[in-house]
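Enquirer: Here it is, the structure in full.
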Amino acid sequence: MKTKFSISLIMSGVLLFSTALFSAQNDSWSRPFPGHRIIANLYAVGTYDLGVFLITSEDGHILINTGLEESMPLIRENIESLGYSLEDVKILLTQQAHWDHTGALAEIKKLTGAEMWATEEDARVLRDGGFSDPHFKGREPFKPVSVDKIIEEGDVIELGEIHLTVHEHPGHTEGSSSYSMHVNEAGRDYDVLIANMASINPGVRLTFDPTYPGIAEDFANTYRRQKALDVDVWVAAHGGQYGLHDKWQPGQPYSPDTFVDPVGFIAAVNRYEDRYLKYIADEQR
Ligand SMILES: [Zn+2]
């Protein structure tokens, strides 16, 4: 009896802990956060923790990521607060085909008539709403999105005066990607990266019975290639990953230097790489 009692006590403790963790995470994913200018024609229009990015041009805009399925009204509100219109979005992109970044793509696509462009591997997962994701296997599904164009490493996406370069940075998902561009603000040039950080979801397997063939090499190459990029200003798919709340608070006036952080970028990649090396060492113990 005694053993049974303590086991159930432990179980309910575990349950309580994981429920608390889940709701805390979800709260920061869905909590509203003001839209703000990152630099030049790049704006953050997502939630407290989910990075959604608008790149504007005279000929229409690019929207990267959407947050959760219910994030659409928040994204619209943020875009309008900056003086732009969601209906002017012409191209939709994603950084990783996971539900917390793709949930509202289908609805926004329908609403705007924008084209969905994606890497081949993420396109597959977008089309089936998450079921071919080798890790989640549809446990976290989202509304399927039709993909209009496949993009790959080195492609330059052009829309009006926007020239956005595609970087395939696989690992977190098979088709994960980052995007870079050069901007000029007040006479200065900046290299800007919308980075997909190579974090490892709990339960993913890298070496034995890998989650997908080549996943460990993908992560290693992504860290190496990210560290070789020229980066002045960077943002990422989660606010916490790029220190959003340390760098910018609501009401803070725009300055092109707010998100300049080349040292922080390398440090962040190194942090993820250290975790990866430890993850592999733990698997091989
Ligand atoms: Zn993810």
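The values are calculated or read from the model by the stated rules, or taken from the named source; none is laboratory data. In this text, all values refer to a predicted model and were calculated from it rather than measured experimentally. Cβ sites come from the backbone with ideal geometry, for glycine too, and all protein chains shown count toward neighbours.
Enquirer: May I ask you to say which residue of VAL89, VAL156 is touching a Leu at 6+ places or on another chain (Cβ under 8 Å), exposed (fewer than 15 other Cβ atoms within 10 Å of the Cβ) and of a type outside the set (Gly, Ala, Ser)?
Expert: From the options VAL89, VAL156, the qualifying one is VAL156.
Enquirer: I'd like to check which helices (runs of 4 or more DSSP H) are fully inside the range 90-136 and have at least 1 residues that are at pLDDT 95 or above and more than 16 Å from the chain's Cα centre (by Cα).
Expert: Ranges flagged: 105-112, 120-127.
Enquirer: Of the residues in the range 227-285, how many are assigned to a helix (DSSP H, G or I), touching a strand residue (DSSP E or B) at 6+ places or on another chain (Cβ under 7 Å) and farther than 20 Å from ASP189 by Cβ?
Expert: Total satisfying the criteria: 1.
Enquirer: Could you count how many residues in the range 233-259 are more than 18 Å from the chain's Cα centre (by Cα) and crowded, with 18+ Cβ neighbours inside 10 Å?
Expert: Final tally of qualifying residues: 2.
Enquirer: Working only within the range 163-220, note down all residues that are more than 27 Å from ALA44 (Cβ to Cβ) and aliphatic (A, V, I, L, M).
Expert: Passing the criteria: VAL204, LEU206, ILE215, ALA216, ALA220.
Enquirer: Counting only residues that are touching a helix residue (DSSP H, G or I) at 6+ places or on another chain (Cβ under 8 Å), of a type in the set (A, V, I, L, M) and closer than 23 Å to THR66 by Cβ, how many does the range 201-236 have?
Expert: 2
Enquirer: For the range 45-73, name all the residues that are surrounded by fewer than 24 Cβ atoms within 10 Å (Cβ to Cβ) and not in a loop (DSSP other than H, G, I, E, B).
Expert: Within the range 45-73, PHE53, GLU69, GLU70, MET72, PRO73 meet the criteria.
Enquirer: Filter the range 90-120 down to residues that are closer than 21 Å to GLY171 by Cβ and out of contact with any strand residue (DSSP E or B) (no Cβ under 9 Å at 6 or more places or on another chain) and give me whichever is nearest to the ligand (Cβ to nearest atom).
Expert: Taking the candidates together, the pick is HIS98.
Enquirer: Another question about this same structure. Being over 21 Å from SER30 (Cα atoms), polar (S, T, N, Q) and in contact with a Ser or Thr (Cβ under 8 Å, 6 or more places away or on another chain) is true for just one of THR119, THR102. Which residue is that?
Expert: Step by step, each of THR119, THR102 is checked, and only THR119 is over 21 Å from SER30 (Cα atoms), polar (S, T, N, Q) and in contact with a Ser or Thr (Cβ under 8 Å, 6 or more places away or on another chain).
Enquirer: If you don't mind, another one. Tell me, please, whether a residue that is of a type outside the set (Phe, Trp, Tyr), touching a helix residue (DSSP H, G or I) at 6+ places or on another chain (Cβ under 8 Å) and more than 16 Å from the ligand (Cβ to nearest atom) can be found in the range 237-255.
Expert: Yes, the range 237-255 has at least one match.
Enquirer: Select from the range 74-89 the residues that are in a helix (DSSP H, G or I) and without any contact (Cβ under 8 Å) to a residue 12 or more places away in the chain and write down the one among them that is farthest from the ligand (Cβ to nearest atom). Steps first, please.
Expert: At the first step, the residues of the range 74-89 found to be in a helix (DSSP H, G or I) are 74-81, 86-88.
Then keep just the ones that are without any contact (Cβ under 8 Å) to a residue 12 or more places away in the chain; that gives 76, 80.
Numbers: ARG76: 23, GLU80: 28 Å.
Only one residue fits best here, namely GLU80.
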